[in-house]
Each structure stands twice: as C-alpha cells, then as structure tokens.
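Okay, structure first, notes after.
The values are calculated or read from the model by the stated rules, or taken from the named source; none is laboratory data. Owing to the predicted nature of the structure, the values given are computational and were not obtained by experimental measurement. Every residue, glycine as well, gets a Cβ built from its backbone with ideal geometry; the counts of neighbours run over all protein chains shown.
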C-alpha cells in the first residue's frame, strides 16, 4: 500500500511526527490528518434557491461572459435577463446563450437605467475606466452589484463607490476570484487552523509570463497606465487582496520599486518594423511575433470577437493585425507599464510581506512562501508543502485547476447566495476590505513613482 493510501485509510496516523517521508495528499487527506473541514467551500449559510436570481450583464467581454456562464451551468440559481455592450457581436452572443428578449439588449449601459428596476442585480465587467459610473447608477437604482476588479482606477472613485454602497446598504461583491481557488482557499484553512503558528512574514510572486505581458500590458488595452490603470492595480490587485487576506490585518506602510526595462524602442532589433505584418526581418525569430501568437498559434483570440465560422478567421485575424495594436511591434508601442516591480508591506500586526511581479518568465501561476512561528509553507498555485519545525515532517497538498485556480464560478456561487438571501456576510470580502486592498495598490504605485514610503489608511 502506498503512503498516500495508507495515511488516508488509517486515522491513527494523524500526528505528522509519526510519518517518515513526504506525503503527497489531496485535500480530503490533509483534512483527515489535521481534523479540518473536508470541504473548504462548504458554507452552512447557503440555502436552496427557490427562484433564480435575475441579473443584468453590463460588459459582455471575456470576463463578463465567464461570470454570466454560471447561469448556463446553474439555471435554477442565476438567470441573465439583459445585456449591455457596445459590440454587436458580443451582445448577440450573450443574448443567444441566455435567451434574452430583444427589449433587454442594449448598446449603451445608460439605456439600462432608462427603465425601472427589472432585475435583482447587475454584473459590471466593463473596461476598468468605466466601472464607476454604472456601479453608482446601479446602487442608486436599488440593484445589488458584482463588480469586476479593479473597483475603479482612482482612489477617489474607489472611496466614492464604498460610500455609495454604505449609504444604499446594497450588496457589492468584488471579483477577488483567487480567494475561491482551491489552492488559496485551502492554504487559508491551513493557516487559520494554526498549523504553522503565527504568520511572521510572507513572500509572494506573480509571474505574468512573457507572452501574456506582451499581449495585455504592451499591446493590449492596459498598455498605457494613464488611460487605464497601473499594472499593480489592473493585474496585481488580485495579489494585494490575497496577501491582505492571508495576513488578516490592515496594512500600515507600503514601499515599491519597479520600472519598464525591456519593451522600449532602444531594444528594438535591427530590421524590425512598426508592425509584424510589414515584412519585419526578425519576425520569424521574435518571441513576441504577432503573426506567430495570433495567426499561426491561434492564441488569445478572444480580443478579436471572431465569428463561429472558422473559415473566416484567417482573413479577420490578419486584418486585425494590420489595423489594431495587437499587430504592432512590442518595442514600438506607447506602453508605460513596468515589466517588473517589488513591493514591501508592513501590516498593523507586525507581519511583513514582499510581493514581486515579473513579466520576464516562461511560466504563470503565483508562487507563495509563508513563514510562521511553528512551520512554513511553499506553494505554486497547484501544490503547497507544509513543513513542521518540530518534526521536520513535510506534507504536500496538490491539485491542478483551471484559470484563476478554479475560482470564477465558486465566487459566483457565494455572490448569488448573498443576493438571494440579502446577506453580505456570505461574501468572502466586504467592500471595505476590497477597497483597502486597492489602496495598497495605489500606495505602491505612488511609492514607485515618488520613491516614498506610503502610509495606507481606509
């Protein structure tokens, strides 16, 4: 019998000091060993939903479509009854998937509020810079809200949404999806159970992956921080939130260094052209070739709103590469987002944390190190290893998951329950804590630009 199955079948071997080798375990086995809840996603406050929560989708792009798809998977819990998006392709796709009547298909989100309240809630997944106005309008009209992160692209607007949520007493769930990934959920359970004692410090890294960086933050809609949001907010507010959640204390001080090192004109190879389609002499050897990424490899195509008929894709993709930023040379864009940065944080409970965002890597998946008074944890989004200082016993938890660590629909489950029961406590994060994690990001960006230590206060 393998060690894994032996441990799982014999509860008398729970004490780790009786184990003589590393165990690679699933969560149920870890829960057996430590007397933890076997289902970290189980919430006894969840109730059977007798009537589906009705929701309006404002912003039907990639993220909005994912949240809305919860209604296709669980039609007894959520029904999408309206959609608003400037793209006719996206509107048509969502309306078809959710059988939305013609009168509830809108080109402009403002048209939604020209009608009297006709749903329970609104899902806002518009571009980052277009979150504030529809969110305020939704709260004023009496809707509960699910708001894609970041909450807003300025500290003032984040505070404005917080104030409006408090004044209207509406539910505002923020899409901190990593809180709902099995990796972080179970990591949090282990920490809260005291298995490494008190947290002393945290080291956390977000490897964006070089192609992802070029796609989203060099060529993509977030390439200019002034027009959208700084990368520490647009990308890494997931991470400021997770660190805040694990440490379970307000942050006190933030300090950041970082800059744009590689994706600049001075690094453009000889023979490169303004576009990859312009006869670039180094296109075939360039790791960031738009022709290779989008046309030949057919990756990250969701930005092109392609039709179902794949026979038309070649023509459309090539046309997009000749006319949009996605076909431009990564060294000749107007991008200003740093491609690496580090953030140091001091929390009110004395815990220190170091966060690193790195673009020049070949992999994705957060890396986490948590140092405690009785043990430590090392993890990579699929696996974490807990080492007990007294026994030196190592226990490994492992599970492969999907994008965002499997958190998207688990978040939707809690949000739907919160709206259905009108109970904010069902959400993993309050709007107050969500705003605080954003203030951490804003403070980090100010520190990076001004070379200061920023004092963070909600």
Could you say whether any residue in region 214-224 is out of contact with any helix residue (DSSP H, G or I) (no Cβ under 9 Å at 6 or more places or on another chain), outside any helix (DSSP H, G or I) and under 20 Å from residue 385 (Cα atoms)?
no
Scan 399, 301 and give me the residue that is surrounded by 15 or more Cβ atoms within 10 Å (Cβ to Cβ) and within 30 Å of residue 271 (Cβ to Cβ).
301
Out of 425, 447, 429, 398, report the one residue that is modelled with pLDDT under 95 and under 16 Å from residue 239 (Cβ atoms).
429
Do we find that residue 263 is part of a loop (DSSP other than H, G, I, E, B), in contact with a helix residue (DSSP H, G or I) (Cβ under 9 Å, 6 or more places away or on another chain) and either under 30 Å from residue 185 (Cα atoms) or in contact (Cβ under 8 Å) with a residue 60 or more places away in the chain (or both) in this structure?
yes
Within the group 315, 274, which residue is closer than 30 Å to residue 93 by Cα and more than 27 Å from the chain's Cα centre (by Cα)?
315
Select from region 305-327 the residues that are free of Cβ contacts under 8 Å to residues at least 40 places away in the same chain and closer than 19 Å to residue 213 by Cβ and list them in ascending order.
324
Could you list, in sequence order, the residues of region 266-292 that are surrounded by 15 or more Cβ atoms within 10 Å (Cβ to Cβ) and free of Cβ contacts under 8 Å to residues at least 60 places away in the same chain?
273, 275, 276, 277, 280, 282, 283, 286, 289, 291, 292
If we keep only residues of region 293-312 that are in contact with a helix residue (DSSP H, G or I) (Cβ under 8 Å, 6 or more places away or on another chain) and part of a helix (DSSP H, G or I), then the residue farthest from residue 88 (Cα to Cα) is 293
Just checking, does region 293-304 include any residue being free of Cβ contacts under 8 Å to residues at least 12 places away in the same chain and either in contact with a strand residue (DSSP E or B) (Cβ under 9 Å, 6 or more places away or on another chain) or under 30 Å from residue 232 (Cβ atoms) (or both)?
yes
Residues of region 429-458 classified as over 21 Å from residue 167 (Cβ atoms), assigned to a loop (DSSP other than H, G, I, E, B) and out of contact with any helix residue (DSSP H, G or I) (no Cβ under 7 Å at 6 or more places or on another chain), total
1
The number of residues in region 155-168 that are crowded, with 16+ Cβ neighbours inside 10 Å and without any contact (Cβ under 8 Å) to a residue 60 or more places away in the chain is 4
Looking at the structure I just gave you, is residue 116 free of Cβ contacts under 8 Å to residues at least 24 places away in the same chain, assigned by TED's automatic domain parsing to the domain that holds residue 63 and surrounded by 13 or more Cβ atoms within 10 Å (Cβ to Cβ)?
no
